[in-house]
Amino acid sequence: MTTPKVSVIVPVYNCRTSVAGTLRSVFEQTIAPELVEVVAVDDGSTDGSGAELDRLAAAEPRLTVVHQPNSGGPGGPRNTGIERARGEYLFFLDADDRLGPEALERMCALADEQGTDIVVGNYVGVGRGAARFRENIAKVSVDDPEIDVFTRSLTAQKLFRRELVEANGIRFPEGLLSGEDKVFAVHAYLHASGVSVIADYDCYYLVERDDGTSIMQTGGASSEDYYAKAARPLLEMVVAHRRPGPVRDRMLLRLFTRDVLHRIKAHRYLEDSAEYRRQTRDGVRGLCEDFLTPAVLMRMPPRLRLIAHCVRSGHDELLTRIVEAILAPGPVPVVVDKDRAYEVYPGFREPSAAIPDAYFDATDRLRTERSLTGLDWDGGSLRLAGSAVIARVDPGAQSLALLLRHRGSGAERRLPVEGGVGGFAAGIAASGGSDGGASEGPLEAGIWDLYAEITTDRLVKEGRLGADRAEGVALPPERFVASARGAAAVEPFFTREYGNLSFTVRPGAAGLARLVALDGIGWDGDGRLLVRGRVPAAPGAHAHVRVGLALDRRGGGESRRGEARVGEDGDAVAFTASVDPRGLSSGRWDAWLELAVGGDTTRIRVPMAEAGRSAAVACAPFGMRRARYYRTGGGNLAVEVVPGKVPAMARSARRRLGGRGRR
């Protein structure tokens with residue numbers, strides 16, 4: 001008998017209407033059929049689920065059905081499934097949910113390839129929320145702070161290496177209606193050699209029951225059971241398996257914020273019985289006293305700090321007021337005092353509460369709302385408009401500054417701003433001038449990032465601009481700008497990762513050369529080589545630009561320079577450069593554009609779009625030499641000068657005369 005690659009364990013309790021679809025999603029997997037076994041454990045169902053499983057097993061040999069008395073939660077049937085499983089990997093599938101067709105094949109292949117103990121497949125919520133991953137992760141440690149899989153998902157619906165589970169005695173708590181999957185997942189995470197994530201395929205569909213009868217829909221475990229059998233073991237495992245420090249603190253923070261304090265900040269806390277509220281407070285109080293350190297407490301948002309503080313100190317009436325404020329519509333007010341911001345929950349600076357201001361401190365959590373509503377060229381200035389405000393703080397008490405920061409040197413340039421946080425306008429003049437400040441010179445070469453700096457009282461918040469853009473805001477094209485202070489090519493762009501506005505400055509002739517586009521190449525009526533082109537530019541930029549055309553003899557020191565006309569043509573510097581080939585010696589001559597801005601000069605080869613050779617023109621008396629231009633293998637313009645027809649006829653005559661003399 002073939003040993004299965006993966007054992008899919010399905011706990012079943014009163015799921016008769018959905019279990020067939022759930023199992024069908026397993027039997028229709030793209031992985032080879034002989035590599036999959038299913039262990040379905042009927043945990044004392046009363047709706048005919050057990051009979052339905054037996055019917056399905058009669059037609060599907062890969063399905064093993066186990067019947068057992070009701071154990072009081074999904075942990076018991078899952079543990080039974082582990083004992084019966086033979087696969088290299090275990091996958092836990094709930095009887096309401098389903099798998100994507102390629103889920104098991106992809107997850108097993110990734111675990112094999114990377115040697116990881118746990119593989120997380122992306123989740124899809126059907127009628128409910130679900131954790132989503134944006135990027136594939138080949139292999140990561142659960143302790144990695146940059147890729148925090150621990151914080152993202154602690155459900156059991158993952159692929160686990162069976163050797164990991166057996167070697168460490170990892171099992172689900174039994175007789176617990178909810179939270180048991182987190183105990184299993186955290187225990188596995190803490191021993192795993194690595195975790196992989198599949199983000200580019202939807203592996204698991206979490207389906208909400210239409211009739212509202214699932215365990216979580218009906219409230220889950222009681223507070224007394226949950227805190228004793230789920231929350232406490234979670235915290236105990238982290239403390240036992242991770243030393244004090246940032247990794248442990250990060251894990252404890254996740255567990256306290258989402259798995260300990262969550263019951264108090266929910267509607268049910270206010271709506272349920274006094275006994276439920278008492279059990280919840282008692283459960284939370286014990287865990288806070290045993291495991292909540294000051295470092296973890298102060299990393300929480302203010303609402304959770306206050307909940308923990310009130311529970312520990314027995315402020316039951318104040319706790320109720322705080323929960324009411326948390327659940328009330330609209331944001332909690334914020335006040336700024338000097339350089340700190342505070343969320344004004346009940347108890348803030350109330351003498352009877354005696355709660356330190358630090359518990360209300362939201363300075364590092366204040367969001368800035370930034371929007372870019374306009375972006376375009378206005379002559380030589382890049383004009384932008386938008387808004388930038390600290391959320392939940394009186395806009396009338398805020399002031400705005402815009403600054404540019406050089407990505408390499410850290411140099412800063414402040415911009416004059418018209419308007420304020422609710423609506424501003426500003427201009428960026430890379431070549432120097434009024435938009436950049438009367439005393440400011442040109443911007444140095446490199447990448448400059450744009451920031452909004454918002455101040456209220458002595459509190460300063462800073463953020464990038466551009467990620468949030470009004471409809472129709474688009475990048476203006478790169479442009480050459482010039483003034484008496486300097487000249488540069490300016491290329492605005494939105495950053496790849498976050499879409500923030502930055503721009504690249506390329507000063508002087510090198511910046512000009514980057515933007516040259518040719519309109520045509522040809523011979524004029526006098527046999528001169530013409531090169532016409534343009535550079536997208538601000539008005540008046542042509543006055544600072546000089547253009548020349550030169551031919552350099554390949555392999556020799558000879559050079560021929562021509563002349564050029566430069567003018568303004570709409571939003572461009574237009575030029576026509578020419579050079580006279582008459583008198584050039586035979587050979588190949590490379591064409592160069594010579595560009596100058598102020599005292600800065602550069603040369604670039606003349607690009608030629610189309611291959612082929614031009615008609616020949618005479619470049620010596622009586623046609624003794626003729627010139628053609630052509631496209632080089634590198635795509636550039638060159639001129640070839642060759643002897644004309646008259647010298648060829650003379651050589652032929654000499655050969656004939658020489659032959660007669662020898663006869």
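The values are calculated or read from the model by the stated rules, or taken from the named source; none is laboratory data. Quick caveat: nothing in here was measured; it's all calculated off a predicted structure. No Cβ is skipped: glycine too gets one built from the backbone with ideal geometry, and neighbour counts run over all protein chains shown.
Are any of the residues in region 596-612 in a loop (DSSP other than H, G, I, E, B), free of Cβ contacts under 8 Å to residues at least 40 places away in the same chain and acidic (Asp, Glu)? Write out each step before concluding.
Keep residues of region 596-612 that are in a loop (DSSP other than H, G, I, E, B), which gives 598-599, 606, 608-612.
Still in the running and free of Cβ contacts under 8 Å to residues at least 40 places away in the same chain: 599, 610-612.
If we keep only those that are acidic (Asp, Glu) as well, we get 610.
Checked region 596-612: at least one residue is in a loop (DSSP other than H, G, I, E, B), free of Cβ contacts under 8 Å to residues at least 40 places away in the same chain and acidic (Asp, Glu).
Tell me, which residue of region 362-389 that is assigned to a strand (DSSP E or B) and acidic (Asp, Glu) is nearest to Val323 (Cα to Cα)?
Residues of region 362-389 that are assigned to a strand (DSSP E or B), as a first pass: 368-378, 381-389.
With acidic (Asp, Glu) added as a condition, the list becomes 369, 376, 378.
Values: Glu369: 26, Asp376: 48, Asp378: 52 Å.
Top of the filtered list is Glu369.
For region 48-155, list the helices (runs of 4 or more DSSP H) that sit wholly inside it and hold at least 2 residues that are surrounded by 17 or more Cβ atoms within 10 Å (Cβ to Cβ) and touching a strand residue (DSSP E or B) at 6+ places or on another chain (Cβ under 6 Å); which are they?
49-59, 75-84, 103-114
The helices (runs of 4 or more DSSP H) found wholly in region 245-361 and carrying at least 2 residues that are out of contact with any Gly (no Cβ under 8 Å at 6 or more places or on another chain) and within 30 Å of Gln398 (Cα to Cα) occupy 302-313, 316-327. How many residues are of a type in the set (Val, Ile, Thr), under 41 Å from the mean Cα position of the chain (by Cα) and closer than 12 Å to Leu93 by Cβ when one looks only at region 11-56? Of the residues in that region, 7 qualify. Considering region 498-573, the qualifying strands (runs of 3 or more DSSP E), each wholly inside and each with 1 or more residues that are in contact with an Asp or Glu (Cβ under 6 Å, 6 or more places away or on another chain) and over 30 Å from Ala467 (Cα atoms), run over 529-536, 545-553, 559-561. With respect to Ala541, is the statement that it is surrounded by 14 or more Cβ atoms within 10 Å (Cβ to Cβ), in contact with a Ser or Thr (Cβ under 8 Å, 6 or more places away or on another chain), closer than 30 Å to Ile428 by Cα and touching a residue at least 40 places away in the same chain (Cβ under 8 Å) true? No. Against the numbered list (1) modelled with pLDDT of 95 or more; (2) assigned to a helix (DSSP H, G or I), Tyr204 comes up short only at (2). One residue alone among Ala509, Ala470 is in contact (Cβ under 8 Å) with a residue 60 or more places away in the chain and farther than 18 Å from Leu595 by Cβ, and that residue is Ala470.
Those residues that are part of a strand (DSSP E or B), free of Cβ contacts under 8 Å to residues at least 40 places away in the same chain and at negative phi, I need them from region 390-422; list them, please. Give the derivation first.
Going residue by residue through region 390-422, those that are part of a strand (DSSP E or B) are 390, 398-406, 412-415, 417-420.
If we keep only those that are free of Cβ contacts under 8 Å to residues at least 40 places away in the same chain too, we end up with 412-415, 417-420.
Of everything in region 390-422, those that are part of a strand (DSSP E or B), free of Cβ contacts under 8 Å to residues at least 40 places away in the same chain and at negative phi turn out to be Glu412, Arg413, Arg414, Leu415, Val417, Glu418, Gly420.
Yes or no: region 39-47 includes at least one residue that is assigned by TED's automatic domain parsing to the domain that holds Glu163, in a loop (DSSP other than H, G, I, E, B) and on the phi > 0 side of the Ramachandran plot.
Of the residues in region 39-47, the ones assigned by TED's automatic domain parsing to the domain that holds Glu163 are 39-47.
Filter once more, keeping what is in a loop (DSSP other than H, G, I, E, B): 44-47.
Adding the requirement that they be on the phi > 0 side of the Ramachandran plot leaves 44.
Yes - at least one qualifying residue is present in region 39-47.
Taken over region 22-38, the criterion of being in a helix (DSSP H, G or I) and buried (at least 24 other Cβ atoms within 10 Å of the Cβ) is satisfied by Leu23, Val26.
Going by the conditions given, is Asp181 free of Cβ contacts under 8 Å to residues at least 24 places away in the same chain and either touching a helix residue (DSSP H, G or I) at 6+ places or on another chain (Cβ under 9 Å) or of a type in the set (Asp, Glu) (or both)? Considered against the rule, which asks whether it is free of Cβ contacts under 8 Å to residues at least 24 places away in the same chain and either touching a helix residue (DSSP H, G or I) at 6+ places or on another chain (Cβ under 9 Å) or of a type in the set (Asp, Glu) (or both), Asp181 comes out as no. Could you give me the residue pairs with C-beta distances under 8 Å whose first residue belongs to region 328-348 and is within 21 Å of His309 (Cα to Cα) and aromatic (Phe, Trp, Tyr), whose second residue is at pLDDT 95 or above and assigned to a loop (DSSP other than H, G, I, E, B) wherever it lies, and which are 6+ apart or on separate chains? If the second residue must be at pLDDT 95 or above and assigned to a loop (DSSP other than H, G, I, E, B), the pairs left are Tyr342/Phe348; Tyr342/Ala362; Phe348/Ile355. Within region 237-274, being more than 33 Å from the chain's Cα centre (by Cα) and free of Cβ contacts under 8 Å to residues at least 24 places away in the same chain holds for Ala240, Glu271, Asp272, Ser273, Ala274. Only one entry in Arg553, Arg582, Arg565, Arg534 is more than 43 Å from the chain's Cα centre (by Cα) and buried (at least 17 other Cβ atoms within 10 Å of the Cβ), namely Arg553. Show the residue pairs that are 6+ apart or on different chains and have beta-carbon atoms under 7 Å apart, the first residue being within region 71-89 and more than 29 Å from Glu113 (Cβ to Cβ), the second being modelled with pLDDT of 95 or more and among the basic types (Lys, Arg). So the pair list comes out as Asn79/Arg171.
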